[in-house]
Amino acid sequence: MALKPRKPVPALDFDTVGGGRWSLAEQKPQNFTMVVFYRGLHCPQCKRYLTELNGMIGEFDKRGVATVVTSTDARERAEQAKTQWNLPTLTIGYGVSIEKAREWGLYVSTSRGLTSLGIEEPPLFAEPGLFLMKPDGTLYWGSVATMPFARPHFNEIAAAIDFALAKNYPARGEA
C-alpha cells in the first residue's frame, strides 16, 4: 500500500550501528527527515548509492534535513556495510521487519543467492525506498522501487529541497 502525501507516515523505530535506537517520532528537524531504505549488504547498487549520500550528508545538514539509512539486514550485516563501504558520516539502522517494510510501501524480494559482491542475499529483504517527512510526521515526498537500479540522485534531491523551501512548494500526489 502506497503512503499518501500530507498524511502521517507509519511509526518507524530501529536500532543503529554503534548503539542507540532511532525513532521517527523523536525527530525534530528544521525542515525534513529523510529515511533511506537500502536493500542490504549484498547489494552493489546500494554500496554506490550510500557512498554518494555519505559524501553529501553535509549538504542535507545545511538544508535542515535529518538523515538516516536503514534496511531489513541484521546488526552484523549493517555493521559490515558501514565499515566495508566506508560510510562514517551516515547513521545506519538495521532490523526493520518485513512487515514494517511493507507498511511503508516497500517491495519485498526473495533471495537469488550470491551477488556480484560475493555476498548471499537474505531469504527475504526490502527493495529500496526514500522518504522525506515534514517535522509534523507527514509525508512530503516518497520514492520506492521494485529493483535496485535508477534511484533518485542525492544532488537532485538537494536541489528539489532548495526549490521546495524557496517556493513553499506543497507535497504533491495527495488527491
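The values are calculated or read from the model by the stated rules, or taken from the named source; none is laboratory data. Not measured: the values here are computed from a predicted model. Note that each Cβ is placed from the backbone with ideal geometry, even for glycine, and that neighbours are counted across all protein chains shown. These accessible areas exclude ligands, DNA and RNA; they are computed on the full protein's heavy atoms, side chains included. Shrake-Rupley method; radii C 1.70, N 1.55, O 1.52, S 1.80 Å.
Couple of notes before you dig in:
- About its Cα centre, the dipole of region 64-164 is roughly 20 debye, where the only charges are +1 on Lys and Arg Cβ and -1 on Asp and Glu Cβ.
- Extreme residue, positive dipole direction of region 101-175, given options A160, L124, V144 (C-beta unit charges): A160
- Label-point separation in nm, E76 to L114, each point 7 Å along Cα→Cβ: 1.8
- S97 sits with roughly 50 Å² accessible to a 1.4 Å probe, with DNA, RNA and ligands left out of the calculation.
- Around the amide H of E127, modelled in the peptide plane, lie the amide H atoms of Y107, V108, S109, all under 5 Å away and 5 or more residues distant in sequence or on another chain.
- Counting only DSSP beta bridges with both residues in the chain, the antiparallel share comes to about 75 percent.
- Violating pairs (Cα-Cα greater than 21 angstrom) within the set K62/K167; K7/K62; K4/K134; K4/K47: K7/K62; K4/K47
- Only Lys, Arg (+1) and Asp, Glu (-1) charged, at Cβ; the chain dipole about Cα centre in debye: 360
- In nm, spacing of pseudo-spin labels at R172 and K28 (7 Å Cα→C-beta vector): 3.3
- Each of the peptides 79-88, 28-37 was scored by the mean count of other Cβ atoms within 10 Å over its residues; in descending order, highest first, they stand as 28-37, 79-88.
- Cβ-defined net charge surrounding P170, 14 Å radius [Lys, Arg +1; Asp, Glu -1]: +4
- Residue by residue, region 97-106 carries 3J(HN,Hα) couplings of 6, 4, 4, 5, 4, 5, 4, 7, x, 7 Hz when phi is fed to the Karplus relation 6.51 cos²θ - 1.76 cosθ + 1.60 (θ = phi - 60°); x denotes Gly or Pro.
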